[in-house]
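The values are calculated or read from the model by the stated rules, or taken from the named source; none is laboratory data. Since this is a predicted model, take the numbers as computed values, not measurements. We place every Cβ from the backbone using ideal geometry, glycine too, and count neighbours over all the protein chains shown. The protein model used for the area step is the full one, side chains on, heavy atoms only, and it has no ligands, DNA or RNA in it. Shrake-Rupley method; radii C 1.70, N 1.55, O 1.52, S 1.80 Å.
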Amino acid sequence: MAGDVPRVASKLRRARLMSGALPGWITIRGLRCDGRQGVAAERRAQSSEYLVDISCHSDLSRAVALDDLAAAVDIAAIAATVRRRRARRGTRARREAASRRPRRGGGVGRDRAHARQCGAWPFLRTYSAFSIARAKSTSRHARRRAACIACPSGSSSPATMSTREAGVARRRAGIASSRHAKARSWPVVAASLCGRCVPPIRIPCAALQRAIRPSTGRAGRHLRCCVTRSSTRRSASSLPANTRIRRVSDTRLVPIAPRKKPGFETLAIHAGQEPEGLYGAVTVPIFQTSTYAQEAVGKHKGYDYARTGNPTRTALEICLAALEDGKWGLAFGSGMAATDAIAHTLSAGDHVVLSDDVYGGTYRLYKRMYEQLGVALTPVDMRRLDAVRRAMRNSTKVVWIESPSNPTMKVVDIAALSEIAHKGKALAVVDNTFASPYLQNPLAHGADLVLHSTTKYIGGHSDVVGGAIAGNDPALRERLAYLQNAAGGVPGPLDAWLVLRGAKTLAVRMERHSANGQAVAEWLAEHPKVTRVNYPGLTSHPQHALARKQMRLFGGMLSFEVRGGEVAAKRLSGRTKIFALAESLGGVESLIEVPLAMTHGSVKGTKLAPPAGLVRLSVGIETVSDLIADLAQAIG
Ligand SMILES: Cc1ncc(COP(=O)(O)O)c(C=O)c1O
């Protein structure tokens, strides 16, 4: 158990970071030992007390999928205990009367009797988190209460632990048989329900080790669970003098009104980004470290080595998950590192169906590296759903979708393609780099994984290379997080921070990118020397209607062809003054390139090659009339 405590505490701390990301259905708060938020308080919490309050609001099944909690809290066990207790407790009036009865002296006996009756972990019923905290005071009575809520090492589920088993476990854990003596130093889990359900119950930490499973019913809806990591120093006086407990006392709840999910912009700025506790910095610090000091062997504050995890990266991953409306996010050192992590889940004999104008680097990875390892590949024009259906094989494991595609701006039906993938038991993966999460959320259309080169719109300032994957399935997360750590394609702290900073302004940038993109596309479409413009916001785009349905706006990426083909394309690309001739995209500054000669060189000579005379623009957020004037003089 002792080893489990930091693990649980760290998971909960990570989960607490997510509170901003996913409010409305789960919030997690820590007890602020000194009344301030953040790292300092948490550090003190580690050495003195750690209390986290998890409130599951209206939708437990979503809360359940919060992967960071998955191994931490057994909501189903708590809910089951609650239901059992409710069945045994009789009328609400009796329950309320019982909860109002003075506790002094009688609490332990009453709970012991109850424990005998229902087989639950004894003594714990009447003590709220408030009293746990109060118990740290010097009052003898309070100390007794603290002892009562302590749980023994290795204890089993509260529903099955008998008093005798509890005693055995307590002795094994070295807690004096006079249970009020030292038990204060053991972790405590408390679950309490609102007055409409039953009085507070508490369950041992061991139950935290089980995975969350969806829980239904009223009990689940009103459930609150709080976790206390109590003192490793055993004297009551070790608590910080000004311990504040008010925030904890409300663990005894009244029903919680489901909160509205914050908007995209709010999430971008706050998800995973609580003010830092040491000095109150409102911006997530760059934790520029490769390793973390441990209190004892294996006892750390949630991070042990920076390839495995870094708080700056954690903040980014939480934020990205929130922006994609996913349950988890993983950050990588580049878009290709993220792509490779997904490809790494494949083995020889597996088959991938991918978009026939997929990003050149993605094609190269599958073609030159994975095909040699025995992974078969079928590029398909994904606008034709029948062709995708035909391409599916029993061995198809991944359907790789890009929409809009790079560089021809094809838009494909993510929902329909995901359905086809799922029918074939394959994963639908969407490279959402071109659209960004502000314009399109593929998970909402049924995709299993969404991938980003965060180098592009999310980073947004052409000053960092990064990648990300977001999803909902905890098993997929586990697999990819394993690969992230095992292969080590992670972003450094500064890179994670830069991407996180970029994400904060994603919404406003995308609005301007889209407005400028639309204006430039419309202007190009009218130009006599321009033979073709690919931009989903133009009504002439073949999938304009689908793009309207699937995307919020149409973004800043477009491509076009001019009379004179490749030569004319190269000439004009070299003549722009504001549009920089450069690879990459999605930054605030406008870029121009000739894909076949630059970004898409890896598909030259293949079916996937874009037209040699195609020019790609990444329309930035400069003054649009300046951009148009620049193109006008370059096209001539
Ligand atoms: C659509 C798309 N996906 C993935 C990538 C690869 O990302 P990175 O360059 O960050 O590795 C790119 C890069 O241009 C891209 O355009």
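Ordering Y292, Y366 by accessible surface, largest first, gives Y292, Y366; the 1.4 Å probe counts only protein heavy atoms, with every chain in place.
Rounded if a/c is under 1.5, else prolate if a/b beats b/c, else oblate: with a ≥ b ≥ c from the C-alpha gyration tensor eigenvalues square-rooted, which is the range 507-635?
rounded
Could you work out the local net charge near R364, counting Lys and Arg as +1, Asp and Glu as -1, over the other residues with Cβ closer than 12 Å to its Cβ? Overall, the nearby charge balance is +1. In this structure, the pairs whose alpha-carbon distance is over 31 Å, taken from K456/K607; K504/K577; K456/K570; K299/K456, are K299/K456. Near T454, the amide H atoms lying under 5 Å from its own belong to G335, G466, G467, A468; only residues 5 or more places off or on other chains count, and H is placed 1.01 Å from N.
Based on alpha-carbon centroids, what's the gap between the range 295-323 and the range 617-634 in Å, whole number please? The range 295-323 and the range 617-634 have Cα centres separated by 42 Å. With the full set of protein chains in place, find how many percent of the accessible area of the range 507-635 is carbon and sulfur; take the probe as 1.4 Å. The value for the range 507-635 is 54 percent carbon and sulfur by accessible area.
Taking amide H positions as modeled 1.01 Å from N, with prolines and chain starts lacking one, the residues under 5 Å from S355 and 5 or more places away or on another chain are V380, W400, E402.
3J(HN,Hα) along the range 474-489: x, 5, 5, 4, 4, 5, 6, 5, 4, 5, 4, 6, 5, 8, x, x Hz, from the Karplus curve 6.51 cos²θ - 1.76 cosθ + 1.60 with θ = phi - 60°, whole Hz, x for Gly and Pro. With θ taken as phi - 60° and the Karplus curve 6.51 cos²θ - 1.76 cosθ + 1.60 applied, the whole-hertz 3J(HN,Hα) list for the range 430-442 is 10, 7, 9, 4, 5, 7, 6, x, 6, 8, 7, 10, x Hz, x standing for glycine and proline. Other residues with beta-carbon under 14 Å from the beta-carbon of S462 carry, at +1 per Lys or Arg and -1 per Asp or Glu, a net charge of -3. Protein heavy-atom accessible surface, 1.4 Å probe, per residue over the range 491-550: 44 Å².
Proximity of backbone amide H atoms, modeled 1.01 Å from N, is registered between R532 and E561 at under 5 Å, excluding neighbours fewer than 5 places apart on the same chain. 3J(HN,Hα) along the range 361-367: x, 5, 4, 4, 4, 5, 6 Hz, from the Karplus curve 6.51 cos²θ - 1.76 cosθ + 1.60 with θ = phi - 60°, whole Hz, x for Gly and Pro.
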